[in-house]
Amino acid sequence: MIVRKHMGRASPILLLLLAFGFFFATYNLLTMIIHNKASNLGSWVVDGVKRSGDLNSKFHVALTATDAPYSQWQCRIMYYWYKKVKDMPGSDMGKFTRILHSGSPDKLMEEIPTFVVDPLPEGLDRGYVVLNRPWAFVQWLEKATIEEEYILMAEPDHIFVKPLPNLAHGIKPAGFPFFYIKPADHEKVIRKFYPKESGPVTDIDPIGNSPVIIKKSLLEEIAPTWVNISLRMKDDPETDKAFGWVLEMYAYAVASALHGVRHTLHKDFMLQPPWDLEVGKTIIIHYTYGCDYNLKGELTYGKKGEWRFDKRSYLAGPPPRNLSLPPPGVPESVVRLVKLVNEATANIPGWDTLTSDRDQK
C-alpha cells in the first residue's frame, strides 16, 4: 500500500516532466527546421550585398574571348583576380571557363581553363565581333559539363575587387543597370523584336548580358533567342544604327523579356571608371572607357590626356608592367584600377612575351 501511495503521488509529476520534455524536444525540432529552411531558401547580407540562400549557390564564371593579343592580356588579368578572391569569405564563386570563340586553341590553354567553340560563319557578324558572344554561349551550354547551377556571364575587361556572392535568387537573375541601355527611349525599334502583345517596353531590363548571374537552366532557354535577336537586329539597318556597339546588349535584354525573365538590379555589382569615382562596396571594375587626365588631375575625356590608361592603347600586345599611377586629384576608382592591373602584371609569368598563335604564322 505504501508503494502504491507513493506511485500515485509520483505519476502527475512524471507526466508533467514527460510533457515538458516532449514540448522542449518538439520546440527544438521546429526551430531547427525553420532555421534550416531560412538558411537554405532565404538571403543574408555580406559587405552590404544581399546573398542568395539556395542550397547550391555556387556559380560558374564564364567569359567569351578571342585569341587576339588584346583579348588575351585582359583575360590573364581577369583570371589572376578571380583566383585571388575566389576562396575568400563571402564568395560563391565556382569554377572558371574562358569560352574561346576563335575556333582553335591558343597559347593560354594551359594557363586559363578554356573551352573552344566555333565563331559565327564568316561574314555573319559583319565585323561586329561581339555578335559571337551569344553563339559561343549556346555552344558551350550544349557541349560542356557545368557542375554549378548558376553562371556568371563576365567579360575580359572585368577585375574582381572582392569576392562575389551569388546575387541571384532562384529563377530571378541578378544584373547591373547600365545608364545607356534605355529600351523606353527606343520603343519604335524595340517593337520590331518585342511586339505589343509581349508586354510593355518597361518589362525589358536596362541591362546587357554581363555581368549577370543566372540559373543555368534559364540561360539554356534564353541563349538561342539571344542569338536570333542579335542577328536580326544587326541585319536591320535602323536598329543597327540606333544601338551601335551595344546592340548585343539590347538583344540579351529583349531575349530575356521574351522569356518572361526579369533581373534584380544591383548598382554595386560593377563600376566603370572614369565616370564612377569611388570603389565603395563595388565588386567588379569594368575598364571599358579610356581614362584621360591632365597633370592637375582633371578629366580630359575625348582628348588624350597627359596621363592616360586606355585598354585600346594596347591592341597589339599587353601593357607594360608597373604603369605610372595617376596624378594627384584623380578619382580613387582610377587609381585602384591601375594598382590592380600592376599587381596582376607583376605576378603573371611571361607577361611581356606571350602573343597570339596566329601572330606567329
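Please treat every number below as a calculation from the coordinates, not as lab data. Computed from a predicted structure; not experimentally measured. Here the Cβ is made from the backbone with ideal geometry for all residues, glycine too, and neighbour counts use every protein chain on show.
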With R₀ set to 45 angstrom, the calculated FRET efficiency between the beta-carbons of N228 and K281, to the nearest 0.05, is 0.75
Which FRET efficiency value, to the nearest 0.05, is calculated for Y128 and L325 with the Förster distance at 41 angstrom and r the Cβ-Cβ distance? 0.70
Can you give the extra length, in nm with one decimal, that the chain gains between R262 and K107 once fully stretched, where that is 0.36 nm per residue apart less the Cα-Cα distance? 51.9 nm
Given backbone amide H placed at 1.01 Å from N, residues whose amide H is under 5 Å from that of K95, ignoring those fewer than 5 places away on the same chain, are V61
Using a Förster distance of 51 Å, the FRET efficiency for A184-S313 (Cβ separation, nearest 0.05): 0.90
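Would you kindly state how much longer the chain becomes between K192 and N347 on full extension, computed as 0.36 nm times their sequence separation minus their alpha carbon distance, in nm to one decimal?
Details: separation 155, 0.36 × 155 = 55.80 nm, distance 4.90 nm.
Between K192 and N347, full extension yields an extra 50.9 nm.
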Can you list the residues of the range 216-242 with backbone N under 18 Å from a point 7 Å past the Cα of K143, pointing along Cα to Cβ? 220, 223-224, 227
Set of lysines with alpha-carbon distance to K215 below 16 Å, sequence-local pairs under 8 removed: K58, K95, K172
V116 long-range amide H proximity, modeled H, under 5 Å: L100
Provide the percentage of antiparallel DSSP beta bridges, counting only those with both residues in the range 85-225; round to the nearest 5. 70 percent
For a quick check: with amide H placed at 1.01 Å from N, whose amide H comes under 5 Å from Y150's, ignoring anything fewer than 5 positions away on the same chain? H60, K216
